[in-house]
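K.L.:
Supplied in structure tokens, the structure appears directly below.
Laboratory data are not the source of any read-out in this text; all were calculated from the coordinates shown. Note that the structure is a prediction, hence the values are computed from the model and not measured. Because the Cβ atoms are built from the backbone with ideal geometry, glycine has one as well, and the counts that use them run over all protein chains shown.
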Amino acid sequence: MAAVLSVLAAAFSGWAWWRAAADDSAARGRERDAVLAAAGPELVTLNTIDYRSAGADVDRWIAAATGRYGKDLAGDRQLQIDRATTARTVSTASLVQAAVTEIDVNTGKARLLAVLDVRVSTGGGAVAPRLNRLTVDVSRSPAGWKIAGVQAAGS
């Protein structure tokens, strides 16, 4: 009898594992986790610049972005470097919280809400902290999930 119960338990465990592996919601969950893992550091990158390394920092912005947003950043590269250098801007950011609000695995598009703690200093002055609440569009690119657009969210 114990052998029969063991076989039944093993069969049920195998069936449950197969079912979970084939479940669309599990795949969506993995993709959601991948979006968060990629978008968080990229949002920090997009809000970080030091006038002493502005060229490399803006290049990291461009690498974190995709689509029209990435093209716009690339087109404004020198303008952004000049602004940071002229104002002697130092900006650092950290991700406070983020959550995926929409995801379409088939089209490779997602949207998330994020809160960043951004600390900015210009001209060697005092650091001004602020919380940025953002709506972020994310798209899957050949290099993985990248930022496709950022907008300020309502407070």
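K.L.:
Roughly how many debye, to the nearest 20, is the charge dipole of region 27-152 about its Cα centre, given +1 on each Lys and Arg Cβ, -1 on each Asp and Glu Cβ, and no other charges?
P.N.:
Numbers: 17 positive and 13 negative charges, 15 e Å.
Dipole size: approximately 80 debye.
K.L.:
Taking 30 Å as R0, compute the FRET efficiency from the Cβ-Cβ separation of VAL105 and SER53 and round it to 0.05. If you can, show how the numbers build up before the last one.
P.N.:
On the way: r = 37 Å, r/R0 = 1.22.
The value I calculate is 0.25.
K.L.:
Further, regarding this structure: Along its three principal axes, how long is region 27-152 when you only count alpha carbons? Whole Å, largest extent first please.
P.N.:
For region 27-152, the Cα extents along the three principal axes come out at 48, 28, 19 Å.
K.L.:
Can you give the FRET efficiency to the nearest 0.05 for ARG28 and VAL115, using r as the Cβ-Cβ distance and R₀ = 25 Å? The partial results should precede the final answer.
P.N.:
Details: r = 23 Å, r/R0 = 0.93.
Calculated transfer efficiency: 0.60.
K.L.:
Shifting gears a bit: How much net charge surrounds GLY67 when only other residues with a Cβ under 12 Å from its Cβ are counted (Lys, Arg +1; Asp, Glu -1)?
P.N.:
On the way: positive: ARG68, LYS71, LYS109, ARG140, LYS146; negative: ASP72, ASP137.
Every neighbour counted, the sum reads +3.
K.L.:
Oh, and also: Starting from the 7 Å offset along Cα-to-Cβ, what nm value, one decimal, do you get for the label separation of ALA153 and ARG77?
P.N.:
Using points 7 Å along Cα→Cβ, the separation is 3.2 nm.
K.L.:
If you don't mind, there's one more thing I want to ask. Take the alpha-carbon centre of region 99-116, take the same for region 43-82, and report the distance between them in whole Å.
P.N.:
Between the Cα centres of region 99-116 and region 43-82 lies a distance of 22 Å.
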